[in-house]
Every structure is written in structure tokens, then in C-alpha cells.
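Just so you know, all these numbers are worked out from the coordinates, no wet-lab data involved. What you see is a predicted model; the values in this text were computed from it and never measured. Neighbour counts run over all protein chains shown; Cβ positions are idealised from the backbone, glycine included.
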Amino acid sequence: MDERIEALRRRIDDLNLDLLRLLSERAAVAEAIGRRQTELGLSHYDPMREQAMLDALVAANRGPFSDAVVKSLFKQVFQASMLLEQEQDKARYLTSRRHRGEDTVVWIGDVPIGGDHPAVLIAGPCAIESRSQVQATAAHVAARGVRLFRGGAYKPRTDPYSFQGLGQEGLRLGREACDAHGLRFVAEIMDAADLPAFEDHVDMIQVGARNMQNYCLLKAVGRSRRPVLLKRGLAATIEEWIMAAEYLLYEGNAQVVLCERGIRTYERFTRNTLDVSAVALAKLETHLPVLVDVTHSGGRRDLLVPLTKAALAAGADGIMIEVHPNPAVALSDQKQQVDFEGFDAYLEATLFPVALSPGRTELYRG
Ligand code: PEP
Ligand code: MN
């Protein structure tokens, strides 16, 4: 190799290191600016400022790079700084993986959800309708190894003349059935004023799809110490869903489980469209456990097994399913709840055989 070239290359190597040092120093200053902008609620992107910096660089340019090349090189530097500032913002969110690297495990009494724990199954009727209905369902699912029981006492119904739930009496009946069969009770809250009753009766408070953006309710539930199951809104983006969870964490409740339940699309063969990518993304973007409600997702009994497999393959930490002694006469969701026989067939198709022994609900993962 030519000695002259070798010497010049050594000079280039030194200059590269100088440039790297300067770029890193510049990045640290940009991060400090970004932090201050975030504190003041200002945008990181300021096109006027960017233009002024480019003008100053062009004015100072003595070549050999053309003005256009100088501009494009510095635009890359500006862009990289902007990305750093955006990453820094994400880490500020309590729900973010950047804020907390390891999986959050939410405990419903002695039942863990998330992390490396086996996928859980939450089963029970859409609505609590009577003592005999809730007792029979609780007895059946408990005998199959289920430990988390669902049942709505306050039902968000489209038609105001349809069954609205038994209210406080429903909470009482649900609690009684869960106590009788060693189950943990999950029920949906619709009004912050009912919070004391929920804290007295339920083990996990569900915030339903229709209330995902009811920020007053989120703040109230966020101040509770009960674990929360937060459904994704009917037409909520993943970001809106995660931000709703952020409200809960910000208020001090870290025991939050996300639940994808299908979103509204143009598709008519299903009630909603299960967004499998939302499950994977929620797991990537947040450290919270993610469940999938397979009943409301498809709205079809014949999709319960494939949607369960898809959900678990996408990384879901558990499944919610509606079970009713006689769905034909159910006061809500007649079309999609499964009867006891249907539930047993569902378990056969989705659980490892060992899961059918009492106390085990190890769902088929992947
Ligand atoms: C429910 O789980 O009972 C329910 C009403 O679900 P969603 O809020 O997802 O519609
Ligand atoms: Mn339902």
C-alpha cells in the first residue's frame, strides 16, 4: 500500500472519531432540549429552527461538498436527534416497555396473569341473571379447573329496553357463587359511583370497551387497589388503548391487564374483527399482560377455538370466554355464549389434557 495513502487514511480514522465525539455531544444536547420541550409541552419538531440551522450551515460552507450535500447530511443528523427525543418521550410512559423492561405479573388473589405463568382462562356468563344460573355456571367451570369467573352485573346495552343487569344484587350473587366454588370474580364497572360496591364484591374490575375512553371512570378505577381488566374500545387505536391504561397507572394502579376484544370493521361475517397484531404489539410496546376475549371478538361459537389458538400464538397471556347454562334463553349475547357441553368441547380442543385436572388451566400456547 502506498505510504501516502496510509497516512491519509490514519488522518481519516482520527477525523471519524472526532466526528463521532461531536455527533454524540450534539445528541446529548438535543436530548436535553427534548426533555425541556416535553416538560413545557412543546413539540420537538420546529421547522423554522431547522431551516435557520440549514441556512447558517450553507452560509458557512466553503466546500468541497455542495450546499445540497451539506443540507442532506445535516438533515440526517436532525432526523436522528428527533428519533432520540421521541424514544425518550416513550420511556416516560409508565405503560411502556422502555420504562419497565420485564413483564408485569398481575395477581388476582393467588392467580397470576402474565410473565412466564401459564395462560389463564376467564369463563362465565355474559350477564348474571339469577342465583341458579350463576351457581350452575360457577360450579361447572370450577370443576373444569377454571379459577377466574366473569359475570356482568351492570351491562352496557345498545338498546335501553334490553336487560341492563341485576346491579348490586348481581354483584352479590356473583360473589356468593365465586365463594362457593373457590373462584375469583371479574365484573364490569360502568359508573365510578359504584366503585365501593365493586371493591366489596369483586376481585378484578373490568372496564368495558364502551368505557375505555371514559377518563373520569379510568381515574377513579386507577385510584382503586383492585386489579383492572381494560378492554380495548370498539374503534380505538392501539395507542388510544395503551393511553387509557396509562391513566390507570398514572393514578397509582399498576395491576392492569389489557384485553383485546375485536374491533369494528366493515366485515359482516363476524361481530368484530379480532386484531391479532394488537395482541403482539401490546406485548411489545407495554409490559402489561394481554388477554383476548374470544366471545365478543368473533361473536361466533364456531370461531372460539381458532381465535383462541391465534391469540395464544400471538402471545396472549389468557383468554376470556362466555359460558351460559342455556344460551338460547340468555338475557344477552344468546348467539355467542357456549353451553356446558360446548365449553367442555372448547376445553378439549384448546387445553393440554393435564389442564383438565382441577386447579390447572394451562391453555395450549402456540
Ligand atoms: C363484556 O365483557 O361483558 C362486554 C360487554 O364486553 P365489551 O366491553 O368488550 O363489549
Ligand atoms: Mn357478552
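Quick notes on this structure:
- Projected-area mean, the chain, by convex hull of Cα positions, square nanometres: 25.5 nm²
- Segment 217-259 - Rg (one decimal) and Dmax (whole number), Cα, Å: 9.6, 28
- The chain: antiparallel DSSP beta bridges as a percent of all, rounded to 5: 15 percent
- Dipole size of segment 128-210 about its Cα centre, with +1 on Lys/Arg Cβ and -1 on Asp/Glu Cβ: approximately 360 debye, rounded to the nearest 20.
- Percentage relative contact order, segment 38-160, counting C-alpha pairs under 8 Å, at least six apart: 15 percent
- Relative contact order (%) - the chain, alpha-carbon pairs under 8 angstrom, separation at least six: 16 percent
- For the pair residue 1 and residue 176, the difference between a 0.36 nm per residue extended length and the Cα-Cα distance amounts to 54.3 nm.
- Most mobile listed residue (244, 197, 142) in the chain, GNM with C-alpha springs under 10 Å: 197
- Most fluctuating residue given options 336, 206, 37, as computed from a GNM of the chain linking Cα atoms under 10 Å: 37
- Among the trypsin sites (Lys or Arg not before Pro) in segment 45-128, those located in a DSSP loop and surrounded by at most 11 other Cβ atoms within 10 Å of their own Cβ are 62.
- Candidates per chymotrypsin sites (Phe, Trp or Tyr not before Pro) in segment 22-116, loop by DSSP, up to 15 other Cβ within 10 Å: 45, 65
- When each of 309/335; 71/283; 219/309; 155/283; 219/335 is checked by Cα-Cα distance, pairs over 31 Å: 71/283; 219/309; 219/335
- Between 0 and 90°, nearest 10: helix 3-40 axis offset from the chain longest Cα axis: 50 degrees
- Taking 0.890 mPa s as the viscosity and 25 °C as the temperature, the Stokes-Einstein diffusion coefficient of segment 14-68 based on its alpha-carbon Kirkwood radius rounds to 183 µm²/s.
- Tilt relative to the chain, helix 340-350 - C-alpha long axis, 0 to 90 degrees, to 10: 30 degrees
- Given +1 at the Cβ of Lys and Arg, -1 at the Cβ of Asp and Glu and no other charges, the dipole of the chain around its Cα centre is 220 debye to the nearest 20.
- Leading residue at positive end of dipole, the chain (Cβ point charges), from 86, 289, 32: 86
- Kirkwood Rh and Cα Rg combined as Rg/Rh, segment 224-339: 0.99
- About its Cα centre, the dipole of segment 17-120 is roughly 320 debye, where the only charges are +1 on Lys and Arg Cβ and -1 on Asp and Glu Cβ.
- Centre-to-centre separation between the Cα atoms of segment 252-293 and those of segment 1-70: 42 Å.
- Computed over the chain with a Gaussian network model linking Cα atoms closer than 10 Å, the most mobile of 274, 19, 258 is 19.
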